[in-house]
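Just so it is clear, none of the values below were taken in a lab; they were calculated from the coordinates. Computed from a predicted model, the values in this text were never measured in an experiment. Please note: Cβ atoms are built from the backbone with ideal geometry, for glycine as well, and neighbour counts cover all protein chains shown.
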Amino acid sequence: MGSKQLIAEYKVTVVGGGSFGSALADIVAANKFSVRQWMRSQSQADEVNQHHTNTRYLPDYPLHPAIEATTGLAYALEGSDVILVAIPSKSFRTVVRQMRPFVQQQMVVSTTKGIEADSFKLMSQILEEELPTATVGVISGPNLAKEIVAKALTATVVASDSDVLSQTLQKLLHTDYFRVYSSTDRYGVELGGALKNIYAIVCGMGNALNMGANTQSMLMTRALAEMSRFAVMLGANPLTFLGLAGVGDLIVTCTSPLSRNFRVGYAVGKGKSLDDAEAELGQVAEGVNTLRLVKTKADELGVYMPIVQGLYAILEEQKPIARVIRQLMLGEQKDDVEFILHS
Ligand SMILES: NC(=O)c1ccc[n+]([C@@H]2O[C@H](COP(=O)([O-])OP(=O)(O)OC[C@H]3O[C@@H](n4cnc5c(N)ncnc54)[C@H](O)[C@@H]3O)[C@@H](O)[C@H]2O)c1
Ligand SMILES: O=P(O)(O)OC[C@H](O)CO
């Protein structure tokens with residue numbers, strides 16, 4: 001029996017009924033693996049089952065008819081071998097705790113790009129705490145859900161201490177339009193995904209202010225230096241930031257209006273309040289919370305993060321954008337590369 005046949009017997013559960021959960025369920029179903037998707041809204045589950053669409057999150061995109069949506073968590077997880085969790089970071093621990101009675105030795109993978117407030121834990125660390133018998137991993141990369149369901153050529157990274165988990169996820173998700181790379185730097189891959197959201201807000205703001213390609217390049221390059229410096233200080237592998245889950249995800253979120261973080265920044269750049277920008281979005285923009293947490297952590301550790309400081313001044317201290325930009329541009333002169341990995 002070939003490994004493909006063996007893996008074909010695996011049952012997959014996607015926990016979360018939003019854009020990314022649906023995009024991943026769509027790939028798994030298209031690859032002919034059994035997939036149940038748990039969501040809290042009965043009407044949304046009915047829509048997925050009857051019409052094979054999720055119009056609240058992915059309007060205009062048909063989903064694979066084999067996706068079975070349910071609001072019953074026990075039913076969703078019954079007999080499951082691999083569980084993909086696509087719940088925003090604010091609710092992640094609460095939902096994972098509800099999963100605990102139904103999870104033993106399964107592979108559980110976080111797809112969430114955020115950080116827990118108070119603890120500064122990443123989602124896979126929450127998985128380890130709440131589901132101590134599970135095998136844990138993460139998926140991260142330049143992965144706009146709407147492009148994935150449109151079958152745009154895309155790549156992602158699965159990261160875990162377990163080779164079996166990485167190989168299984170590669171088999172479950174790999175298609176001719178979705179390529180899955182592996183990494184052993186789980187912390188770096190996961191932290192990269194959370195950090196880039198901050199800079200997508202900044203780039204959205206720059207776009208709203210009609211800044212040019214020089215500005216965009218400066219912002220993204222300095223952002224990469226800043227996020228790598230911070231992540232390496234916390235134990236990540238610097239090379240991860242040259243890969244898909246680092247610079248790759250930074251590029252996509254800093255340049256695409258499909259990014260919710262970019263759109264929040266754009267709205268603020270056009271004069272909206274942060275609250276209005278988030279309310280109008282109606283979906284999660286993780287970077288807003290991540291900014292608050294990273295600013296506090298950078299202050300605590302003494303990591304030089306001028307873009308984080310500037311964005312925080314604009315969003316949280318209501319400093320005028322023009323004044324913050326001027327301060328950043330006139331700040332202390334630096335060598336281009338010497339300080340990338342040092343505070
Ligand atoms: N959308 C993308 O393009 C994309 C790509 C890669 C990673 N991600 C990450 O995936 C995570 C989820 O994002 P998304 O895009 O699916 O978000 P989303 O806003 O589209 O959907 C979030 C889903 O979570 C559900 N949810 C929230 N709180 C819940 C709770 N307490 N109980 C049950 N369900 C709850 C919502 O009902 C909704 O179905 C985020 O961390 C995001 O960074 C998103
Ligand atoms: O829509 P965003 O800003 O949450 O970004 C989605 C993905 O993280 C892009 O890789």
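Observations, loosely collected:
- Proximal lysines relative to Lys32, as straight alpha-carbon distance under 29 Å, when same-chain residues fewer than 8 apart are discounted: Lys4, Lys11, Lys113, Lys146, Lys151, Lys171
- Placed amide H near Val14: partners under 5 Å, 5+ positions off or other chain: Arg36, Gln37, Trp38, Leu84
- 3J(HN,Hα) couplings calculated from phi for the stretch 121-135 with the Karplus curve 6.51 cos²θ - 1.76 cosθ + 1.60 (θ = phi - 60°) are, in sequence order, 8, 8, 4, 6, 6, 5, 4, 4, 6, 7, 10, x, 9, 7, 9 Hz; Gly and Pro show x.
- Extended-chain gain in nm, criterion 0.36 nm per residue less alpha-carbon gap, Lys90 and Ala66: 5.7 nm
- Note on Lys319: lysines with a C-alpha under 26 Å away, same-chain residues under 8 apart excluded, are Lys196, Lys270, Lys272, Lys295, Lys297, Lys334.
- Less than 5 angstrom separates the built amide H of Tyr181 from those of Thr156, Val157, Val158, all sequence-distant by 5 or more or on a different chain.
- Other residues lying with their Cβ under 11 Å from the Cβ of Ala208 contribute a combined charge of +3, Lys and Arg counting +1, Asp and Glu -1.
- Exposure proxy ranking, count of Cβ atoms within 10 Å, fewest first, for Arg56, Arg40: Arg40, Arg56
- Only alpha carbons enter this Debye calculation for the chain, each as an equal point scatterer, and the log10 of I(q)/I(0) it gives at q = 0.06, 0.10, 0.11 Å⁻¹ is -0.21, -0.57, -0.69.
- Rounded to the nearest whole Hz, the Karplus-based 3J(HN,Hα) values (6.51 cos²θ - 1.76 cosθ + 1.60, θ = phi - 60°) of the stretch 314-325 follow the sequence 6, 7, 9, 10, 6, 6, x, 4, 4, 5, 5, 4, with x at glycine and proline.
- Cα gyration tensor shape for the stretch 55-150, rounded if a/c is under 1.5, else prolate or oblate: oblate
- Annotation: extensible slack from Ser162 through Glu338 equals 59.9 nm (criterion: 0.36 nm per residue apart, minus Cα-Cα distance).
- Per-residue Cβ neighbour counts within 10 Å put Ser256, Ser160 in the sequence Ser256, Ser160, beginning with the fewest.
- Extension gain (nm, one decimal) between Glu280 and Ile251, 0.36 nm per residue minus Cα-Cα: 8.0 nm
- The Cβ shell under 14 Å around Gln98 holds other residues with a net charge of +3, Lys and Arg each +1, Asp and Glu each -1.
- Each Lys or Arg adds one and each Asp or Glu takes one away; over the other residues whose Cβ falls under 11 Å from the Cβ of Pro238, this sums to 0.
- Cα centroid of the stretch 290-343 to Cα centroid of the stretch 11-38, whole Å: 38 Å
- Against the main long axis of the alpha-carbon atoms of the chain, helix 260-269 sits at an angle near 30°.
- When each of Lys113, Lys270 is scored by the number of other beta-carbon atoms lying within 10 Å, the sequence from fewest to most is Lys270, Lys113.
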